[in-house]
Amino acid sequence: MRERIFASRQERRRQMKILWIKRLLLVAVLFNLLQMCALRTYRLDSEVMAPLYHRGAFLVATPLAYGLDLDWLGVPLPRWREPARGDVVVAVSPFWDPPEGAAGVGLRLLDYVTGGRWIPGPGWRVHYVVLRVVGLPGERIRVRDDVVYVRGADERGWVSEEVLLPGMTRLRGGGEGPPPFDRVIPALQEEMVLGEGEYFLVGDNRRLVADSRIFGPFERWRIRAMVMWAPIRGGGEE
């Protein structure tokens, strides 16, 4: 009799352990789904968005601002909004291009699930950038003295970003030049025309040339999420 009672207690304990393990796994899956589809966190590792955000800023971004982008998987989904001028976005680095075929699909899926944080390689390195949308598809772009000028399809003339985005603070002058990247970067032409699905992204800190001024336009699929909030702005600010 005692053996039966003891065995019954052991079985109940085992079942309770299994139940708690299942609950923890469910919480982990739901948390990862939330991270993948709704909210993602990023740490800014440069001063490219100063004075708005500084190095070390902790950013909260959402990919749902523009809708789920699964066109590259052959699953076209409706988008309720496209990136707008003035949005601060998280974008996949222009230095990363997935290969063709099944390997490319697998890497893009990994990129999507991790929110543009990692790519496989020596040491697994961060490969996202945080920049501001200034130029939209179909527009013409010029840069003069660190100021971006935009000419729309209506051909009404060139308009500076200071008019298009009033109140935005920028850091200018004393540029450090292109960073020492390990491959050739196409220089910004005298005038750039943005094609379909192309965006001109720049940092608020124009002293750091690490944006569309040297990378060229960013394709739509590279824009992963829109920054919504920065609980820690870096540089000692919160």
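Condition first: modelled with pLDDT of 80 or more and surrounded by 13 or more Cβ atoms within 10 Å (Cβ to Cβ). Now tell me which residues in the range 171-192 satisfy that. Talk me through it step by step, then tell me what you get.
As a first pass, look at the range 171-192 and keep what is modelled with pLDDT of 80 or more: 171, 191-192.
Listed by number, the residues that qualify are Leu171, Met192.
Return yes when Val147 is assigned by TED's automatic domain parsing to the domain that holds Val48, at pLDDT 85 or above, more than 13 Å from Arg85 (Cβ to Cβ) and of a type in the set (A, V, I, L, M) and no when it is not. Before the answer, list the steps.
On the way: assigned by TED's automatic domain parsing to the domain that holds Val48: yes; at pLDDT 85 or above: yes; more than 13 Å from Arg85 (Cβ to Cβ): yes; of a type in the set (A, V, I, L, M): yes.
It is true that Val147 is assigned by TED's automatic domain parsing to the domain that holds Val48, at pLDDT 85 or above, more than 13 Å from Arg85 (Cβ to Cβ) and of a type in the set (A, V, I, L, M).
Pick from Glu155, Glu161, Glu196: which is out of contact with any His (no Cβ under 6 Å at 6 or more places or on another chain), farther than 25 Å from Tyr66 by Cα and either at pLDDT 90 or above or of a type outside the set (Phe, Trp, Tyr) (or both)?
Unique residue meeting the criteria: Glu155.
Name the single residue, out of those in the range 36-48 being within 16 Å of Val92 (Cα to Cα) and surrounded by 14 or more Cβ atoms within 10 Å (Cβ to Cβ), that is modelled with the lowest pLDDT.
So in the range 36-48, the residues within 16 Å of Val92 (Cα to Cα) come out as 36, 40-46, 48.
Remaining after also requiring surrounded by 14 or more Cβ atoms within 10 Å (Cβ to Cβ): 36, 40, 42-46, 48.
Numbers: Met36: 63, Arg40: 82, Tyr42: 84, Arg43: 85, Leu44: 88, Asp45: 84, Ser46: 85, Val48: 89.
This residue is Met36.
Being out of contact with any Pro (no Cβ under 6 Å at 6 or more places or on another chain), closer than 20 Å to Gly86 by Cα and modelled with pLDDT of 90 or more is the requirement here; does Val129 meet it?
No.
The values are calculated or read from the model by the stated rules, or taken from the named source; none is laboratory data. Keep in mind that this is a model prediction, so the values were computed, not measured. Here Cβ is always computed from backbone atoms with ideal geometry, including for glycine, and neighbour counts include all displayed protein chains.
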